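A.B. asks: Have a look at the structure that comes next, please.
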């Protein structure tokens, strides 16, 4: 059905011939020179974005400024109870400032109880609309145990789309850098023990849809170099890049199953216009070099497919009967089951890695909130409630916590972490958060 071949640049490509017809701008509050951390005179007029954290009895630690990571970033700590706000300093020697923030209107900190605290870290990328700092976007890590927020990757260009290795000792992200005739992109690995950076792929047109296979030796991503988004997979021990040239092109939203046997993704035909509800679901099996077209309805929303824990089903959002709902697809017989039936928009499903619950975003209350449904008991519950727009839910690996991204017109973007009782354990206002924050793997 296809063949491996070397490309002109020495990479390994695979041709697949189908027989089937185939954020808003930065709204983070700014701490300006009235908030007086000790700064060199030439930095006194810098506008510096801040990240705030609501967490019981914690301090907030900020890593090194925007630069390529080197051994162990310098940090500054503050310790207090309740809410803390810390300024990201452009120079780690300039110190940090703490001011009071408005407490959240949902339970936080000690109201959640110590048993609710998670120790799993979260990676996220955030834009920086600051001409005095070289990075336009950077990668951060939040550590709930101790309330630590650190800059992980930043420097010239843009750093985005971070993901964890299965062993949680490395992270991968996309680094986009300007060159004479445009931009060149890198998939980079950061060793968290040594803080050493290595490049595993350098191409034009790499997008942030990174997905690391559970065995730890392959990273899948989307490349738009040819003018049409295609699936690429780099093998880390050989650095060979496999290219799956789909006739449809327009590949988005990659996800490995829990065993690393299959990769699910969405794609649409180039002739189909529109950016939503026009996709179909495909799976790719690297061992057999087979692509399977799972749906032929051209009605899937452009949100990432989410695997069931046993890999037998995939959850996705589809626009059918003039409504967007959550569905699951049984891969053995390709049957679809409608999970939600509300007239509102239900989108972006995230399957719990431990059971039959699916979290999703829904605008049932006018603004987008996070809901979840237990498919065994057919019971829905609210995860978040408020006037903010809250989207992109994601489960922790142990199935005990959900993170989501939100914003409103009066305040910052933010990253929230809640437990299953909707008790908010952390609230992190930041600049525009790109993509879905990634939980550290492992229970």
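The values are calculated or read from the model by the stated rules, or taken from the named source; none is laboratory data. Everything numeric here is computed off the predicted structure, so don't read it as measured data. FYI the Cβ positions are ideal-geometry reconstructions off the backbone, even for glycines, and counts take in every protein chain you see.
A.B. asks: Quick one: how many residues across the range 400-413 are surrounded by fewer than 24 Cβ atoms within 10 Å (Cβ to Cβ), under 17 Å from the mean Cα position of the chain (by Cα) and closer than 17 Å to residue 143 by Cβ?
C.D. replies: Total satisfying the criteria: 1.
A.B. asks: Determine whether residue 312 is touching a strand residue (DSSP E or B) at 6+ places or on another chain (Cβ under 8 Å), closer than 22 Å to residue 211 by Cα and either surrounded by fewer than 18 Cβ atoms within 10 Å (Cβ to Cβ) or at pLDDT below 95 (or both).
C.D. replies: On the way: touching a strand residue (DSSP E or B) at 6+ places or on another chain (Cβ under 8 Å): yes; closer than 22 Å to residue 211 by Cα: yes; either surrounded by fewer than 18 Cβ atoms within 10 Å (Cβ to Cβ) or at pLDDT below 95 (or both): yes.
For residue 312, the condition - touching a strand residue (DSSP E or B) at 6+ places or on another chain (Cβ under 8 Å), closer than 22 Å to residue 211 by Cα and either surrounded by fewer than 18 Cβ atoms within 10 Å (Cβ to Cβ) or at pLDDT below 95 (or both) - is met.
A.B. asks: Under the condition of being part of a strand (DSSP E or B) and at positive phi, which residue from the range 149-203 is nearest to the chain's Cα centre (by Cα)? Steps first, answer last, please.
C.D. replies: First, pick out the residues of the range 149-203 that are part of a strand (DSSP E or B): 149-153, 157-164, 170-179, 182-191, 197-203.
Still in the list and also at positive phi: 157, 161, 182.
Values: 157: 19, 161: 6, 182: 26 Å.
Here the answer is 161.
A.B. asks: Can you name every one of the strands (runs of 3 or more DSSP E) wholly within the range 350-399 that holds 1 or more residues which are buried (at least 20 other Cβ atoms within 10 Å of the Cβ) and under 20 Å from the mean Cα position of the chain (by Cα)? Let's see the steps before the verdict.
C.D. replies: On the way: elements: 357-362, 369-374, 379-382, 389-395.
Fully inside the range 350-399 and qualifying: 357-362, 369-374, 389-395.
A.B. asks: Now a separate question. Out of the range 428-443, which residues are touching a strand residue (DSSP E or B) at 6+ places or on another chain (Cβ under 8 Å) and either within 13 Å of residue 122 (Cβ to Cβ) or part of a loop (DSSP other than H, G, I, E, B) (or both)? Don't jump to the end; show me each part of the working.
C.D. replies: Here is the first cut: in the range 428-443, the ones touching a strand residue (DSSP E or B) at 6+ places or on another chain (Cβ under 8 Å) are 428-441.
Residues satisfying the conditions are 428, 430, 431, 432, 433, 435, 436, 437, 438, 439, 440, 441.
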